[in-house]
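Notes to accompany the following structure.
The values are calculated or read from the model by the stated rules, or taken from the named source; none is laboratory data. No experiment lies behind these values; they were computed from the predicted model shown. Note that each Cβ is placed from the backbone with ideal geometry, even for glycine, and that neighbours are counted across all protein chains shown.
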């Protein structure tokens, strides 16, 4: 988007208040969505909840193709469509809702840095595990990714996506990493997050920011998703303050919302891990 | 560590020990931690490794990639982060991610994709270090790899033209520079008075932008508007790489070099102590709050756990 176009969009966005019928689109939650997409969707849901903005979650099998950036989730507000956490945060800010206004410049720099840490390490590791680890690809990723489509198409689309992600991994230098190395990176990232969080309620003490939403999305998804092995969630479970942090956000922002379906979390069986 | 460690790097120019960002990172870290690394500059020799530079060779282990080399040096007890708290260690990791995601793409673009820069500066500079027939192909290969990386990681919908991708990359990079400038504030290094891993990374990524006279300079101009980052680069160049600037052959840390390094570290520690004593003095009530503003800035820079500690 050019600068002019962006300024234009911001101006329009600022003119209208947040409507009642905003919608967040994501893939089918039970049978289709993948680990990394679920993390991204949950992060945006948490962010909107923290901003106290009403929205409806709409599941669509073709959400990925509806999104302007080809990535889920995206929100439909008034007559505008915005996808992914970063642009959504900008958009919501233009409407006058911001979680990070109270931070000073150094804290803002720190928040951005930690958000990049999550994107750079956790997100890439999730993509690596679900598209480059052969057993996971065969047993989880292919069946789930292709589930809404009929026979030849499901393979074609899943293969295309895998090819694309693998090329990206190669360009990033993750092409010849082993699973153990990737898990090591995840551990390092979680350790950093855990140390940064310490005993605080949220990353910047009492008030949540978009960083909290992002970390919640990823950590909660990793903890509650059943993969081939438990290696990934075991890495995260070593950090008790991160688990407590997820539980806190879940209770504060998602409890009681499950019934009317406006924000939905994984089914209770998978959530046991968090309770125990 | 009995056997010498040898580090293969691209050579330097324009007052830089190396023109290659990742080589600079490793060289700076080696200086900061006092690791006795013998720097081997890639020359016209056919046998010089060019693929995955920087490359550290110790005994029979060969390590590429800056992060891995730094880990290896740390395991050899050459640790520049020894004094950092756990939280500062976490911050280091986070800021390095920020650099990788936001600044690195713009750096790659400035070097390899921006046509003017590539033909007038990058290509002649790298080709002059590669023997004859290879100098026709290797720079082109490296540029191809760079373009591939940018397109794969930053391209894709909704950015369809290269111009849009470029605009996005440079916007991210400028934001990253601003964030770094805020984070550094007025303190000499990112975590107080001693350079650490993060300083090595920031220096490695910024110094080429700062020193190399590219024809297309949009990011350079922005960097030059942030005086504290420029001062940061100059300080590291003059304190840790001074001998090279004077024209002594960059073969490695000879004795004079090592002595100088020890001296600098000593001076740094000394100034650290003085600073602490100063701090104590300033905190005493009868002292007029003369330097409170600068002090406050560097304090918040060191960690925001106690931002209000100095407010009256």
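Descriptive notes on the structure:
- Per the conditions (1) within 14 Å of another protein chain (Cβ to nearest Cβ); (2) crowded, with 17+ Cβ neighbours inside 10 Å; (3) over 25 Å from residue A:250 (Cα atoms), the sole criterion not satisfied by residue A:178 is (2).
- Residue match in segment B:83-95 (condition: in contact with a helix residue (DSSP H, G or I) (Cβ under 8 Å, 6 or more places away or on another chain), closer than 28 Å to residue B:162 by Cα and either buried (at least 22 other Cβ atoms within 10 Å of the Cβ) or more than 14 Å from every other protein chain (Cβ to nearest Cβ) (or both)): yes
- Matching helices (runs of 4 or more DSSP H) fully within segment B:145-233 where at least 2 residues are closer than 30 Å to residue A:68 by Cα, out of contact with any strand residue (DSSP E or B) (no Cβ under 7 Å at 6 or more places or on another chain) and away from chain A (no Cβ under 13 Å): B:162-184, B:218-224
- A count restricted to segment A:71-85 and to residues that are crowded, with 16+ Cβ neighbours inside 10 Å and either touching a residue at least 40 places away in the same chain (Cβ under 8 Å) or assigned to a helix (DSSP H, G or I) (or both) stands at 8.
- Residues within segment A:92-129 that are more than 14 Å from every other protein chain (Cβ to nearest Cβ) and surrounded by fewer than 22 Cβ atoms within 10 Å (Cβ to Cβ), tallied: 7
- The one condition in (1) surrounded by 22 or more Cβ atoms within 10 Å (Cβ to Cβ); (2) more than 14 Å from chain B (Cβ to nearest Cβ) that residue A:150 fails to fulfil: (1)
- Residue within segment A:35-55 that is surrounded by 18 or more Cβ atoms within 10 Å (Cβ to Cβ), within 14 Å of chain B (Cβ to nearest Cβ) and free of Cβ contacts under 8 Å to residues at least 40 places away in the same chain present: no
- Residue within segment B:97-113 that is assigned to a helix (DSSP H, G or I), over 23 Å from the mean Cα position of the chain (by Cα) and without any contact (Cβ under 8 Å) to a residue 24 or more places away in the chain present: no
- Those residues of segment A:187-224 which are more than 14 Å from every other protein chain (Cβ to nearest Cβ) and in contact with a strand residue (DSSP E or B) (Cβ under 8 Å, 6 or more places away or on another chain), in sequence order: A:208, A:212
- Residues located in segment A:1-56, provided they are at pLDDT 90 or above, closer than 30 Å to residue B:161 by Cβ and in a loop (DSSP other than H, G, I, E, B): A:27, A:34
- Here residue A:68 passes the criteria (1) in a loop (DSSP other than H, G, I, E, B); (2) more than 11 Å from chain B (Cβ to nearest Cβ); (3) closer than 29 Å to residue A:30 by Cβ except the one numbered (2).
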